[in-house]
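None of the figures in this text is laboratory data; all of them are computed from the coordinates on show. It should be emphasised that the depicted structure is a prediction, and the values quoted were computed from it without experimental measurement. Cβ placement follows ideal geometry from the backbone for every residue including glycine, while neighbour counts extend to all protein chains displayed.
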Amino acid sequence: MENIEFSAVVVRYSIRSVEDAATFLVYNWPVEPGKNCKLARIACLKALAGSISHGQARSLHPGSARS
């Protein structure tokens, strides 16, 4: 069998709740967190604590999917 090198692998995650988003942000994204990652984590934690709504958390995350 021939070894094939891949330059990049794209993995898609299905995030259906604030809990899913928080888990993803803590364990999977990104390797070197920056300002956007920090803001997204804070928004998720606030939503989990009930300080803001889930919709507000979604709107505060710059890369969030819009539904």
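For the pair W29 and K46, the difference between a 0.36 nm per residue extended length and the Cα-Cα distance amounts to 4.3 nm.
Relative protection proxy for 39-48, 12-21, from highest mean packing down: 39-48, 12-21 (other beta-carbon atoms within 10 angstrom).
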